[in-house]
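The block underneath contains the structure these notes are about, expressed in structure tokens.
The values are calculated or read from the model by the stated rules, or taken from the named source; none is laboratory data. Since the model is a prediction, treat every value here as computed from it, not as a measurement. When we count neighbours, we look across all protein chains shown, and the Cβ atoms used for this are built from the backbone with ideal geometry, even at glycine.
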Amino acid sequence: MITFDLEAEIFDPTSTSICIANPALQSLQHFWITDSLIHRGPVGILPLFSNCTIKKLELLDYILWGEFVSLTKAETIESLKIKGVFGDETLYASVEKVIACVPNATSIEISESFFTPTTLVSLGHKVKLSNFVLHNITSFEGWKMPIIDDFFGNNADFDCSVHFDVQLPPEDVTLPEVHEYNEAMANMADAYIIYIDRFLALTKAETLDLKN
């Protein structure tokens, strides 16, 4: 675990907790990092770990794209929970670029969801998702029903838990249209959740009928 400064540090073969500002952190880049890595400290330069085979990655703040690639290149991550990733070509890495780095993850949660029109079109996965959560969505551009059906039909378990919420601008009592916009975006997120839940339930029922 990587923590805030001044928190207690633990150095144990099976569980290590170290502050982000500790110079010794950089010397760990060639150590084997297995099982899980939790970074709940402030933004700081992470080592580019050369031997990282973690199954769980949890990041409570942004990291650089190169750092994220270093942590995920073994493709062993099964559970991903991150705030967001600074992009290499854009300010923020898009959802599809992030998910493409974790093809074996069954649980994915992203707190700052930056989309492109091809987010759901181009995404493939090696395992079925059981948990898929996207927070602070700013746009539903490209979210067409056939695309959603194809994505969740191919990449999600029948009982996958799905949640979306949107990033809403602050409301101003002098601008009622902002309230209307926020309400429409929130309703749209809820509608997508309901639609996907029903689609997965229907797909499950049809699959069971074919087996019988």
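Any residue at all in segment 139-156 that's more than 24 Å from residue 99 (Cβ to Cβ) and at pLDDT 85 or above? Looking for residues that are more than 24 Å from residue 99 (Cβ to Cβ) and at pLDDT 85 or above, one finds none in segment 139-156, hence no.
Residue 69 - would you say it is at pLDDT below 60 and either closer than 26 Å to residue 95 by Cβ or outside any loop (DSSP other than H, G, I, E, B) (or both)?
Numbers: at pLDDT below 60: no; either closer than 26 Å to residue 95 by Cβ or outside any loop (DSSP other than H, G, I, E, B) (or both): yes.
Criteria not met by residue 69.
The set of residues in segment 98-118 that are more than 16 Å from residue 162 (Cα to Cα) and in contact with a helix residue (DSSP H, G or I) (Cβ under 8 Å, 6 or more places away or on another chain) comprises 98, 101, 102, 114, 115, 116, 118. Within segment 128-149, is even one residue closer than 29 Å to residue 52 by Cα, in contact with a Leu (Cβ under 6 Å, 6 or more places away or on another chain) and among the aromatic types (Phe, Trp, Tyr)? No, that holds for no residue.
Is it fair to say residue 111 is out of contact with any His (no Cβ under 7 Å at 6 or more places or on another chain), under 25 Å from residue 150 (Cα atoms) and modelled with pLDDT of 85 or more? Against the criterion (out of contact with any His (no Cβ under 7 Å at 6 or more places or on another chain), under 25 Å from residue 150 (Cα atoms) and modelled with pLDDT of 85 or more), residue 111 does not qualify.
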